[in-house]
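A short reminder: the numbers here are calculations on the coordinates, not readings from a lab. Note that the structure is a prediction, hence the values are computed from the model and not measured. Cβ coordinates were reconstructed from backbone atoms using ideal geometry, including for glycine residues, and neighbour counts include every protein chain displayed.
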Amino acid sequence: MLHILRQIAVTGIKTEPAPAPADDMVVVRRLQEKILRTLGRALTIRHVDAGSCNGCELEIHALGNPYYNLEGLGIRFVASPRHADMLLVTGPVSKHMAIAVKRAYDATPDPKLVVAVGDCGCTGGIFGESYASLGRVANVIPVDVAIPGCPPSPTALLQGILAAIAAHAAPAEPTMLEDGSPST
């Protein structure tokens, strides 16, 4: 054992230098910083199924796998709308779910974002408006971003979530009064 320790001391540490940061890690870091600047913490999402066929839910579930790594971006799902920054609503809003969707929206603290997912959430899809369905999510609560697709891919979902963050983070342009002065 003493021989091995002597050899280690004589040879020293022989390792490769640390690699340069990967470009995708720089993007992740910028995204995390943007989320922190916008919200002050990680983005939390509450998923609400308003009457979907579960196709969109399967794609949302895929966001948690190692390939898309949603948690690594600083975005996570929560069980209560009271802890959420964003509502991710799937499916056409059935008449039985309208009250639950409105309650979830009201329970989400301001500033809140709403993303309608899938063709059913965006337009009512094949269900439309009927005796059992109120149609698209925007018929019940205000929607910030709509992600079309039947079902949308995990990449499209991630792009829609990031678009909602970007739209929320962008400062509103000041409106001008008729005399050319900015409004207050």
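Points worth noting:
- Taking a sphere under 14 Å around the Cβ of Leu157 and counting the other residues whose Cβ falls inside, with K and R at +1 and D and E at -1, yields a net charge of -3.
- Cα centroid separation, segment 130-169 to segment 48-100 (Å): 11 Å
- Inter-probe distance in nm under a simple model that places probes 7 Å from Cα toward Cβ, at Thr11 and Asn54: 5.6 nm
- Net charge of the neighbourhood of Thr108, taken over other residues with C-beta under 14 Å away and scored Lys/Arg +1, Asp/Glu -1, is +1.
- For segment 40-168: rounded, prolate or oblate by the Cα gyration tensor [a/c cutoff 1.5]: oblate
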